[in-house]
Protein chains: 4
Amino acid sequence: MTASVVSRVWQARNPEYRAVVRDAFEANKAMSLIGATLGVVEPGIVDIHLPVHEMLMSHVAGIVHGGTLGMIADSALGFAALTLAEAGAVGFTAEYKINFLSPAMGQEVIAHAEVVKPGKRTTVARADVRAVNDGEERLVAILQGTLIPL
Amino acid sequence: MTASVVSRVWQARNPEYRAVVRDAFEANKAMSLIGATLGVVEPGIVDIHLPVHEMLMSHVAGIVHGGTLGMIADSALGFAALTLAEAGAVGFTAEYKINFLSPAMGQEVIAHAEVVKPGKRTTVARADVRAVNDGEERLVAILQGTLIPL
Amino acid sequence: MTASVVSRVWQARNPEYRAVVRDAFEANKAMSLIGATLGVVEPGIVDIHLPVHEMLMSHVAGIVHGGTLGMIADSALGFAALTLAEAGAVGFTAEYKINFLSPAMGQEVIAHAEVVKPGKRTTVARADVRAVNDGEERLVAILQGTLIPL
Amino acid sequence: MTASVVSRVWQARNPEYRAVVRDAFEANKAMSLIGATLGVVEPGIVDIHLPVHEMLMSHVAGIVHGGTLGMIADSALGFAALTLAEAGAVGFTAEYKINFLSPAMGQEVIAHAEVVKPGKRTTVARADVRAVNDGEERLVAILQGTLIPL
């Protein structure tokens, strides 16, 4: 399956961007609560992996709760913006919009976020969320959002 | 603080709508994982309460992870639509958009969702999310989304 | 029909806010192109009226093009934010999201925007769009968006 | 500049999809009012071109009104969905979300829409809007929206 977001090459301004993201992810209790782990971290790009378990289910058996998809994807957007931030910056998500495309079923869900336009005042990013079911990937949600540095 | 969504009076088509919502909420593992509870359930209106605890925190100390706000608010939108559905219907969130207004700090977060326009093909709803801090309420996020009956 | 956004009372920081909005509206060629006029202008609140004419139609006869609803509502959001801005500030729309609820038919369309949360860095606002058909109002679209002062 | 949406290959179910889109575009008065023209039409893909003229300006000189970007991009989303529809189907935009990335300046604006997920009940699509200024393209807005067949 073709990705529906496409990498553009951005330069990290803080050479320690990877450590910054990893530290922020480690400090994030909510990511720990649902069992999410950090994947790829490149300038403007972050993946978050979520192994599927019983406690992530919606009220329909076998289908992961959409809110948990939003949760990892929202976080991936924020961390993607953080890879391009100045040292010491803390960002927050100003807003995002998510479309759910298919029920998320399988063993793992992966949110892949990419910065579309970095900026001093706002950074705009997109994300795709895929579910991996018996080795087959399916696009289950897409996002678009705005991050603001503090 | 004045509510920014306003109740319109809708009629429930299924007199058992309250039981339907409660059963769906009970079956929802993700709501249980984060510790959310069901509040008001009226035709077209659902509140979800989330007592704040350590494991809901973002990477900034004392500030609840935005994704958890999205999670309860997204669910509140879906359950609000469900109060107006035919017996036996199962709905899902097609999409939503959330704006974060202020950092969510305090002892409890409450998502209040209201149906704006119910329909056979799509139902549109809005939600407000408030944080309760030492008895004072603050609007921390607003949502708008589309629910689809199955 | 009850409004689905609710006025909160905001204070204008620039006593000339009304003139600022009227001047900006006058200077706006796109508003003139579609024939839109400025209605209510209060602190945090702006209405834009659009008399319906043949050239606003979508490809379905009698139904106003959704993009023109977006156009007046987007502008109403921006002008509502402008009523609360410092003297000399120019704002722009960072993003918005619109849900179309019903086909817009009738003699006039009115976009009513209200600021939900003003801020130095971002202002968040909501809007309702109504169509007036033979004296009867129908809610045809709702918006939520972010404005940024420059 | 790299595109931030990526073509996936969809099959048109109606071999006359191109004529369907061209007829709908021709019938669309609002597109004519602003001076938009139809560009590429492929299965799941539609471009709309908008030559910039004085009457499209916002209240800031030289900057195209964001609402007109929304208008062509919203239409491009709808027509992209229409390329994949059954014969006789009429679609409408249920909702969209737009992020403005940069002021739109130049001689032409182009909205490029691609279907991400077609479906019987809903089709989800993304769009990029570019401004062409003295031969140089700049990404000025991105969209994500839902189309519904009628």
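Observations on the model:
- So A:E26, is it surrounded by fewer than 17 Cβ atoms within 10 Å (Cβ to Cβ), farther than 25 Å from B:F79 by Cα and not polar (S, T, N, Q): yes
- Filtered by the rule that a residue be more than 10 Å from chain A (Cβ to nearest Cβ), assigned to a strand (DSSP E or B) and not polar (S, T, N, Q), region D:116-137 gives D:A127, D:V129, D:R130, D:A131, D:V132, D:E136, D:E137.
- Tabulated pairs, region B:1-19, first surrounded by 15 or more Cβ atoms within 10 Å (Cβ to Cβ) and part of a loop (DSSP other than H, G, I, E, B), second at pLDDT 95 or above and of a type in the set (S, T, N, Q), C-beta under 6 angstrom, 6+ apart or interchain: B:A12/B:T83
- Count of residues meeting criterion [within 22 Å of D:V140 (Cβ to Cβ) and either in contact with a Ser or Thr (Cβ under 6 Å, 6 or more places away or on another chain) or of a type in the set (A, V, I, L, M, F, W, C) (or both)] in region C:94-123: 4
- Those residues of region D:60-83 which are of a type in the set (G, A, S) and either crowded, with 18+ Cβ neighbours inside 10 Å or within 18 Å of D:D128 (Cβ to Cβ) (or both), in sequence order: D:G66, D:G67, D:G70, D:A73, D:S75, D:A76, D:G78, D:A80, D:A81
- Residue list for region B:94-121, restricted to those being modelled with pLDDT of 95 or more and under 19 Å from A:P103 (Cα atoms): B:A94, B:E95, B:Y96, B:K97
- Subset of region C:40-76 [in contact (Cβ under 8 Å) with a residue 12 or more places away in the chain, out of contact with any Asp or Glu (no Cβ under 9 Å at 6 or more places or on another chain) and more than 7 Å from chain D (Cβ to nearest Cβ)]: C:E42, C:P43, C:D47, C:I48, C:H53, C:G62, C:I63, C:V64, C:L69, C:I72
- Taken together, the residues in region C:97-114 that are charged (D, E, K, R) and either within 11 Å of chain D (Cβ to nearest Cβ) or within 14 Å of C:S58 (Cα to Cα) (or both) amount to 1.
- Residues satisfying the stated conditions in region B:138-150, i.e. farther than 19 Å from D:Q144 by Cβ and either outside any loop (DSSP other than H, G, I, E, B) or in contact with a Pro (Cβ under 9 Å, 6 or more places away or on another chain) (or both): B:R138, B:L139, B:V140, B:A141, B:P149
- Looking only at residues in region D:138-150 that are under 14 Å from C:K97 (Cα atoms) and at the interface with chain A (Cβ under 9 Å from one of its Cβ atoms), the one that is surrounded by the most Cβ atoms within 10 Å (Cβ to Cβ) is D:G145.
- Criterion: under 16 Å from the mean Cα position of the chain (by Cα) and at pLDDT below 95 - qualifying residue of C:G78, C:G91, C:G145: C:G91
- Residue list for region C:103-150, filter: small (G, A, S) and under 24 Å from B:V115 (Cβ atoms): C:A104, C:G106, C:A111, C:A113, C:A125, C:A127, C:A131, C:A141, C:G145
- Selection status of C:P51, farther than 19 Å from D:H65 by Cβ, surrounded by fewer than 24 Cβ atoms within 10 Å (Cβ to Cβ) and modelled with pLDDT of 95 or more: no
- Options D:E95, D:E86; residue that is over 28 Å from D:D134 (Cβ atoms) and either among the β-branched types (V, I, T) or assigned to a strand (DSSP E or B) (or both): D:E95
- Looking across region A:115-134, the residues that are touching a residue at least 12 places away in the same chain (Cβ under 8 Å) and of a type in the set (D, E, K, R) come down to A:K120, A:R121, A:R126, A:D128, A:R130, A:D134.
The values are calculated or read from the model by the stated rules, or taken from the named source; none is laboratory data. All of these numbers come straight from a predicted model, not from anything done at the bench. Please note: Cβ atoms are built from the backbone with ideal geometry, for glycine as well, and neighbour counts cover all protein chains shown.
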